[in-house]
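Take a look at the structure below.
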Amino acid sequence: MSAVNPRRWWALVVLAAAQFMVIMDTSIIGVALPEMQKDLGFSQGELQWVFNAYVIAFGGLLLLGGRLSDLIGARKIFNTGWVVLIAGSVVAAAAQTAWVEVVGRAVQGVGGALIAPSAMTLLMMLFAHDPKELGKAMALYGAAAPAGGTAGVFLGGVFTEWLSWPWIFIIYVPIGVATLAATKLLPAVGSRRGSVDVLGAAAVTAGLALAVFAIVRAPEVGWTSTGTVLQLAGAVALLVLFFVIQKTVREPLMPLGIWRVPRLGSANLAMTLLGAAWIPMWYFLNLYLQQVLGYGAFASGAALLPMTGLLMIFMTAITAKLMVKFGAKPMIGGGLLVLAAGLLWLSAVEPTGTFVVDVLPASLVAALGMSLAYIPAMMAAMSGAPQEQAGLASGIVNTTYQVGSALGLAALTAVATSQGAGQLGNLPALTDGFSAAFIWAAVIAAAGGLITLLVMRSDKAAAAPQADAASAARGERAGV
């Protein structure tokens, strides 16, 4: 057994801060979108690419990041990810045109795809000696994700209102440099021999990007148009190719055998639907506050601060205790259903609404659902994976969340646009479009909750196969 790292809790601060910043990068642009739209010339439908360029690169390359972390060493990949993220932030801040902004966001996503799985691998290495400490560490690390998402909305408002929107990217430069300086606290991991499935990574990333592109353009060119049909068919073909590659190559990016781990499939499905409901809620709630209620960037960010407090309280102090008492399955299923209730409540927004009536109570209910489901889903997805596949399991669960986010936002943007969300200045039409997006996000969350409760194994049911696998591994090592 390896020695316990005496600086592990300080190292956790670095890892949690990295998780905070990576996830904040998906949300800090939220309240700045209207200003970026004016300055860079995005249309209402194209605006989502500021978000999805990051998410597609992030989600599509997370598996590659996990594989590189396992082969080259988690700390090296963690450091490399920060260098790439800083470079992307500089490009995004300096952008004068829409396409340069999208490129910068994509580069940021590549950096995030290297940071996230390597950080999870390092966390597992630091705390694998004690399940209780690991649970506490995972709770703090998990809480950094929604906290980063929520803080990004507030800080984006501060920078956009009092400085300018490029500052939401400039801030990553000094933070990235400080993080790189602090990585000496992290354990060094030697490299090991193996190959990298670059073709598989390219197939899954291109398939995801093409699917989002097709969905985004469908309201404009038609869902049954030749272009849309061919693009969607191409996306499906690329994703099928990815699985064929995984089955045939010697060292695949995602060995398909990992899906035999108990609850991995159902937990990742829950994470996919959680991302598909939660992220679009943030996107459209920001637009509703600014484009309908007339809030400025700072006021829009500040309006969502109550959600920050609720998320942090539950994630750090309550969710882990509830999971010990009730188990992952009811927490994930119940959390998704609570999220669905909050989203359905949000769908009642009015063109002449107010924050206190139309936003605050519904957003708190939605945040409660997210706080109940996120960490249990993450834990359920990773709990049965062997330690040597920690980077892979982390990459898969983060990938499914980001894939759900990208596809969910693309689909719900298409829904919102078709219902009037593209008519800037027409408050009733905008509200109708946002309301439709909230309704369908509620349907997605409710479906996720019901599927989880019907399909996922309970904690006790999953424990037996894990115990059998552990026994078999001990027997193999003993020569039995």
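Going residue by residue through the range 212-225, is there one that turns out to be in contact with a Leu (Cβ under 6 Å, 6 or more places away or on another chain) and either in a helix (DSSP H, G or I) or surrounded by 13 or more Cβ atoms within 10 Å (Cβ to Cβ) (or both)?
Going through the range 212-225, the residues in contact with a Leu (Cβ under 6 Å, 6 or more places away or on another chain) turn out to be 214.
Now restrict to residues that are either in a helix (DSSP H, G or I) or surrounded by 13 or more Cβ atoms within 10 Å (Cβ to Cβ) (or both): 214.
Scanning the range 212-225 turns up at least one residue that is in contact with a Leu (Cβ under 6 Å, 6 or more places away or on another chain) and either in a helix (DSSP H, G or I) or surrounded by 13 or more Cβ atoms within 10 Å (Cβ to Cβ) (or both).
For every residue, the table says whether it meets (1) under 24 Å from residue 261 (Cβ atoms); (2) touching a Ser or Thr at 6+ places or on another chain (Cβ under 8 Å); (3) assigned to a helix (DSSP H, G or I); (4) of a type in the set (Val, Ile, Thr).
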{"position": "324", "(1), (2), (3), (4)": "yes, no, yes, yes"}
{"position": "341", "(1), (2), (3), (4)": "no, no, yes, no"}
{"position": "344", "(1), (2), (3), (4)": "no, no, yes, no"}
{"position": "365", "(1), (2), (3), (4)": "no, no, yes, yes"}
{"position": "375", "(1), (2), (3), (4)": "yes, yes, yes, yes"}
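Yes or no: the range 306-318 includes at least one residue that is free of Cβ contacts under 8 Å to residues at least 24 places away in the same chain and either in contact with a helix residue (DSSP H, G or I) (Cβ under 6 Å, 6 or more places away or on another chain) or among the basic types (Lys, Arg) (or both).
no
Among the residues of the range 162-191, write down those that are closer than 27 Å to residue 127 by Cβ, within 24 Å of the chain's Cα centre (by Cα) and outside any helix (DSSP H, G or I).
186
Of the conditions (1) surrounded by 20 or more Cβ atoms within 10 Å (Cβ to Cβ); (2) in contact (Cβ under 8 Å) with a residue 40 or more places away in the chain, residue 249 clears all except one; give me its number.
Of (1) surrounded by 20 or more Cβ atoms within 10 Å (Cβ to Cβ); (2) in contact (Cβ under 8 Å) with a residue 40 or more places away in the chain, only one is false for residue 249: (1).
Could you tell me which of the residues 446, 406 is surrounded by fewer than 24 Cβ atoms within 10 Å (Cβ to Cβ) and closer than 24 Å to residue 378 by Cα? Explain how you work it out, then say what you get.
On the way: 406 fails: surrounded by fewer than 24 Cβ atoms within 10 Å (Cβ to Cβ).
Only one candidate qualifies: 446.
At pLDDT 85 or above and out of contact with any Asp or Glu (no Cβ under 6 Å at 6 or more places or on another chain), is that true of residue 168?
When the stated conditions are applied, residue 168 passes them.
Residue under question is residue 30, and the condition is that it be more than 23 Å from residue 180 (Cα to Cα), touching a residue at least 40 places away in the same chain (Cβ under 8 Å), under 15 Å from the mean Cα position of the chain (by Cα) and part of a loop (DSSP other than H, G, I, E, B); does it hold?
For residue 30, the condition - more than 23 Å from residue 180 (Cα to Cα), touching a residue at least 40 places away in the same chain (Cβ under 8 Å), under 15 Å from the mean Cα position of the chain (by Cα) and part of a loop (DSSP other than H, G, I, E, B) - is met.
Within the range 25-78, how many residues turn out to be touching a Gly at 6+ places or on another chain (Cβ under 6 Å) and among the hydrophobic types (A, V, I, L, M, F, W, C)?
Within the range 25-78, residues that are touching a Gly at 6+ places or on another chain (Cβ under 6 Å) and among the hydrophobic types (A, V, I, L, M, F, W, C) number 8.
When the residues of the range 346-363 are narrowed to those that are of a type in the set (A, V, I, L, M) and part of a helix (DSSP H, G or I), which ends up surrounded by the most Cβ atoms within 10 Å (Cβ to Cβ)?
It comes out as 346.
Considering only residues that are within 15 Å of residue 64 (Cβ to Cβ) and surrounded by 24 or more Cβ atoms within 10 Å (Cβ to Cβ), which ones fall in the range 81-105?
Answer for the range 81-105, where residues must be within 15 Å of residue 64 (Cβ to Cβ) and surrounded by 24 or more Cβ atoms within 10 Å (Cβ to Cβ): just 81.
The values are calculated or read from the model by the stated rules, or taken from the named source; none is laboratory data. Just so it is clear, the structure is predicted and the values come from calculations on it, not from any experiment. Methodologically, a virtual Cβ is constructed for each residue, glycine included, from the backbone with ideal geometry; neighbour enumeration extends over all protein chains shown.
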